[in-house]
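Structure first, then comments.
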Amino acid sequence: MTIASEQSSPAFRGKIAMWWLIASEVMVFGGALGSYILARTSGQGWSEEAAHLSTPLATINTFVLLTSSMTMAMAFSAYQHADQRGVKKFLLLTILFGLVFLGIKGSEYASHIMQGTAPWSGSFWAFYYLLTGLHALHVMAGVIVNFILYLSARRGLSTGYRIEIAGLYWHFVDIVWIFLFPLLYLSY
Amino acid sequence: MTHPPSITPTPVSIVHPAHEARGFWRTYVFTIDHKTIAKQYLFLGICMASVGSYLAYVMRWQLAFPDESIPGFGFVGPETYNALITNHGTIMVFFVAMPILLGAFGNFLIPLMIGARDMAFPRLNMLSFWILAVAALVILTSFFVPAGGASAGWTGYAPLSARAEYTGVHWGINLWLLAHALEFVSFLVGGVNFLTTVITMRAPGMTFFRLPLVIWQLLTASIIFLLSVGPLIAAAVMLLMDRILNTSFFVPEGGGDPLLWEHLFWFFGHPEVYVVLLPGLGAVMEVLAVFSRKPIFGYRWIIYSTIAIGFLSFIVWAHHMFVNGINPRLVMPFSITTILISVPMSLIIFSMILTLWKGSIRLATPMLWALGFMVMFILGGLTGIVLGSAPANIQLHGTYFVVAHFHTVLLSVVIFGGFTGLYFWFPKMFGRMMNESLGKLHFLLTLIFFNLTFFPMHAVGLAGMPRRIANPLQYESLTAVQPLNVYITMSAVGLIVAQLPFLINFFWSIAAGRKAESNPWQAATLEWSAPSPPPHDNWGDTIPTVYRGPYEYSLPDVREDYIPQDRVHPSRSTWKAE
């Protein structure tokens with residue numbers, strides 16, 4: 001296979017770059033999650049702390065985030081059918097679900113802090129805030145990216161191939177949550 | 001993926017000519033031209049190298065004449081000394097070695113050697129550089145905040161680094177962490193750009209096994225960096241939380257584990273050595289082939305060895321921690337992997353030696369540096385085997401022997417490998433030749449003072465002098481080696497002064513050197529087919545087509561003794577453009 005610089009499309013380059021970015025992000029979360037698992041298996045009293053988390057809220061959040069991945073895929077599908085209205089609608093829905101996720105997460109943080117469990121209240125809480133905080137930052141970045149895509153979709157679909165690339169990132173952020181959910185909320 | 005027929009993405013060939021020179025700022029400062037960005041990395045690296053060398057001079061002077069006022073600095077107390085060693089290490093590794101070897105060489109060579117007009121993401125490339133420039137500013141300003149610069153060692157071991165009251169330095173270490181964060185982002189983005197460029201932008205006919213070795217090595221270095229830096233990013237966030245939010249990830253009294261930091265740091269820290277090594281090694285390979293007029297010996301095996309080194313570099317990190325309280329059962333496996341990595345490394349070294357075998361060697365300045373690299377790197381590598389085996393390591397850990405090993409091996413890469421590349425590609429970068437006599441003088445002085453500086457350090461270390469002490473005279477047992485310390489300091493000053501011929505040569509040649517032709521060294525790789533210096537889009541209207549591998553030298557049936565990669569040759573054309 002020969003790929004000349006004149007031949008390779010921005011879509012192809014973007015996808016290659018995104019996969020490498022995701023590879024390095026896997027290592028960021030891998031480092032943090034690995035540290036958490038190692039610390040937890042060698043320490044005691046973590047389960048009692050973990051029991052303070054709200055499993056129902058996190059379950060709702062899991063559904064919200066999974067649904068947002070679906071709408072992201074539907075936005076790309078709409079782009080493939082050159083359906084500008086569909087692209088705008090599904091991108092907006094994805095952004096909305098991302099914001100709902102962040103809202104629920106924020107209310108969780110607020111109630112934890114009201115109950116006096118802050119990052120400095122012990123090892124479990126330090127890791128809890130680290131992992132969910134890092135993840136929430138990634139959700140925020142995804143929401144911003146999706147919003148930029150929404151704005152450009154209003155002008156037309158000429159750079160719509162970026163939806164697929166942003167989608168890769170968004171699904172990755174989703175998958176990180178799939179790891180965080182059982183490791184933090186379901187393990188007490 | 002499939003695109004709807006009505007909306008095809010804009011072809012790149014239409015986008016590219018847009019970045020012509022547009023005024024001073026767009027041409028020299030906020031440029032998206034990979035060649036200018038490479039020069040920016042180079043100048044940043046040289047500036048930071050002078051800062052790092054100045055810190056080294058102050059440290060060495062303090063060790064030779066403890067607690068006396070240092071010419072050009074003043075009095076150094078233990079706290080200042082800690083800040084000096086920390087920032088010397090950080091600056092030299094992250095702001096000199098990486099910008100020059102990865103930033104400058106990578107940006108300059110990748111598009112030119114694979115036959116592309118620019119990087120895959122030119123604007124992102126500009127962003128990478130400017131993030132790094134901000135990071136460099138942050139680390140320089142960290143000296144001037146209250147309580148001074150970071151002082152927890154360049155490894156930032158916890159718990160010392162995890163609480164401000166342990167070092168007395170609050171903002172210094174926070175800024176140091178911030179500078180790291182920015183540096184990592186810069187090279188992460190840069191690495192993604194490098195990889196994407198090599199994967200998607202190669203000229204017609206440029207298959208992966210026709211890439212010059214330096215490209216393979218830059219590629220491997222980028223992958224190693226991308227995959228190893230993640231855990232340290234997580235660790236840096238954790239350390240910052242420990243410092244600002246008072247969490248206890250790494251503080252034992254709060255239930256944390258200081259060893260965790262060391263694991264996460266060295267999981268990056270060891271591969272980082274190879275990130276710096278591989279581009280330097282690659283530059284030496286190119287020069288060896290050109291100046292021995294021979295194909296590289298074992299091209300594919302060097303590639304496989306490079307990949308093997310990249311893989312092994314991920315499973316050796318705990319050899320930095322043999323005495324730090326890790327499970328003793330881990331010591332043997334990590335000792336084995338550490339020594340195992342010398343197998344692919346030796347394979348590469350032997351390939352280099354066999355490339356020289358019966359070649360028509362031309363002893364131009366770049367070749368001298370390449371030969372110097374080989375000798376010094378083998379010497380430094382030998383002490384690596386000593387330190388890799390656990391029994392010797394436990395004896396020597398934390399002594400000056402480690403400093404000696406580290407500097408011999410890494411400086412042979414940064415100094416000898418770096419100058420190999422710089423003297424070799426200078427004509428292509430600036431369109432002028434460097435002065436050969438000054439270059440040879442620079443090489444000779446550097447080689448002599450390099451050895452006079454770092455070789456006695458082994459002896460000082462074997463005599464039991466610890467690293468990171470501000471005053472060796474505090475220890476009765478070290479008074480015997482103090483004359484040697486004075487000797488090392490004088491040699492180090494000599495090593496710094498030996499760089500003056502280079503600086504003179506470098507700036508004088510940029511301004512008034514002899515004009516370089518497009519291929520002054522008769523090299524076969526693709527970058528020499530572009531004019532010197534290459535114009536904005538590197539080749540004008542056409543992109544070269546590649547017909548063969550990068551090292552076709554001394555062929556019996558050609559009139560000149562080499563064929564460039566992009567030249568059609570009736571009896572030797574193995575690939576035809578469609």
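The table for this structure:
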item	result
One residue from B:Ser360, B:Ser313, B:Ser346 being free of Cβ contacts under 8 Å to residues at least 12 places away in the same chain, of a type in the set (Ser, Thr, Tyr) and over 18 Å from B:Pro212 (Cα atoms)	B:Ser346
Near pairs, Cβ below 6 angstrom, 6+ apart or cross-chain, from segment B:99-125 (facing chain A (nearest Cβ under 8 Å)) to any residue that is open to solvent by 10 Å² or more (accessible area, probe 1.4 Å) and in a helix (DSSP H, G or I)	B:Arg117/B:His16; B:Ala120/A:Arg13
Tally of residues being surrounded by 24 or more Cβ atoms within 10 Å (Cβ to Cβ), in a helix (DSSP H, G or I) and within 11 Å of another protein chain (Cβ to nearest Cβ) across segment B:201-218	0
Residue check for B:Trp154: open to solvent by 20 Å² or more (accessible area, probe 1.4 Å), at pLDDT 95 or above and under 21 Å from the mean Cα position of the chain (by Cα)	no
So B:Trp539, is it touching a Lys or Arg at 6+ places or on another chain (Cβ under 9 Å), closer than 28 Å to B:Arg362 by Cα and among the aromatic types (Phe, Trp, Tyr)	no
Unmet criterion (only one of (1) open to solvent by 30 Å² or more (accessible area, probe 1.4 Å); (2) within 7 Å of chain B (Cβ to nearest Cβ)) for A:Ser54	(2)
Which listed residue is farther than 15 Å from A:Asp174 by Cβ and away from chain B (no Cβ under 14 Å), from A:Gly86, A:Gly122, A:Gly106	A:Gly106
Residue in segment B:534-546 that is within 26 Å of the chain's Cα centre (by Cα), of a type outside the set (A, V, I, L, M) and buried (at least 16 other Cβ atoms within 10 Å of the Cβ) present	yes
Segment B:434-469, residues that are outside any helix (DSSP H, G or I) and under 30 Å from B:Ala512 (Cβ atoms)	B:Met434, B:Asn435
Flag if A:Phe63 is free of Cβ contacts under 8 Å to residues at least 12 places away in the same chain, part of a helix (DSSP H, G or I) and surrounded by fewer than 17 Cβ atoms within 10 Å (Cβ to Cβ)	yes
Positions within segment A:140-165 being buried (at least 22 other Cβ atoms within 10 Å of the Cβ) and either away from chain B (no Cβ under 12 Å) or of a type in the set (D, E, K, R) (or both), in sequence order	A:Gly142, A:Asn146, A:Leu149
Any chance B:Val375 is open to solvent by less than 20 Å² (accessible area, probe 1.4 Å) and either assigned to a loop (DSSP other than H, G, I, E, B) or aliphatic (A, V, I, L, M) (or both)	no
Filter pass, A:His112 being within 11 Å of the chain's Cα centre (by Cα), on the phi < 0 side of the Ramachandran plot and either away from every other protein chain (no Cβ under 14 Å) or open to solvent by less than 40 Å² (accessible area, probe 1.4 Å) (or both)	no
Condition check for A:Ser24: at pLDDT 95 or above and either within 7 Å of another protein chain (Cβ to nearest Cβ) or in contact with a Gly (Cβ under 6 Å, 6 or more places away or on another chain) (or both)	yes
Selection count where residues are over 15 Å from A:Tyr36 (Cα atoms) and either of a type outside the set (A, V, I, L, M) or open to solvent by 30 Å² or more (accessible area, probe 1.4 Å) (or both), scope segment B:263-285	13
Residue count for segment B:182-196, restricted to those that are at the interface with another protein chain (Cβ under 9 Å from one of its Cβ atoms) and either at pLDDT below 95 or surrounded by fewer than 24 Cβ atoms within 10 Å (Cβ to Cβ) (or both)	3
Filter result for B:Ser6 (open to solvent by 50 Å² or more (accessible area, probe 1.4 Å), assigned to a helix (DSSP H, G or I), at pLDDT below 95 and within 14 Å of another protein chain (Cβ to nearest Cβ))	no
Boolean, A:Val173 is open to solvent by less than 20 Å² (accessible area, probe 1.4 Å) and closer than 18 Å to A:Ala73 by Cα	yes
Residues satisfying the stated conditions in segment A:118-135, i.e. surrounded by fewer than 18 Cβ atoms within 10 Å (Cβ to Cβ) and assigned to a helix (DSSP H, G or I)	A:Gly133
Residue match in segment B:470-487 (condition: of a type in the set (A, V, I, L, M, F, W, C), assigned to a helix (DSSP H, G or I) and closer than 18 Å to B:Ala49 by Cα)	no
Single unsatisfied condition, B:Thr306 versus (1) within 22 Å of the chain's Cα centre (by Cα); (2) of a type in the set (Ser, Thr, Tyr); (3) farther than 25 Å from B:Phe225 by Cα	(3)
Residue satisfying condition, being open to solvent by less than 30 Å² (accessible area, probe 1.4 Å), away from chain A (no Cβ under 14 Å) and aliphatic (A, V, I, L, M), within set B:Ile336, B:Ile302, B:Ile307, B:Ile326	B:Ile302
Exclusive hit being within 11 Å of chain B (Cβ to nearest Cβ), under 15 Å from A:Phe179 (Cα atoms) and either part of a helix (DSSP H, G or I) or at pLDDT 95 or above (or both), set A:Gly31, A:Gly14	A:Gly31
All positions within segment B:219-237 that are at the interface with chain A (Cβ under 10 Å from one of its Cβ atoms), closer than 14 Å to B:Thr196 by Cα and either open to solvent by 10 Å² or more (accessible area, probe 1.4 Å) or of a type in the set (Gly, Ala, Ser) (or both)	B:Ser222, B:Ile223
Yes/no for B:Thr36 being closer than 29 Å to B:Ser186 by Cα and either part of a helix (DSSP H, G or I) or modelled with pLDDT of 85 or more (or both)	yes
Search result, residues across segment B:423-437 that are in contact with a Phe, Trp or Tyr (Cβ under 8 Å, 6 or more places away or on another chain) and either open to solvent by 30 Å² or more (accessible area, probe 1.4 Å) or without any contact (Cβ under 8 Å) to a residue 24 or more places away in the chain (or both)	B:Arg432, B:Asn435
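The values are calculated or read from the model by the stated rules, or taken from the named source; none is laboratory data. All figures in this text were calculated on a predicted structure; none of them were measured in a lab. Note that each Cβ is placed from the backbone with ideal geometry, even for glycine, and that neighbours are counted across all protein chains shown. Only protein heavy atoms, including side chains, enter the accessible area calculation; ligands, DNA and RNA are left aside. Shrake-Rupley method; radii C 1.70, N 1.55, O 1.52, S 1.80 Å.
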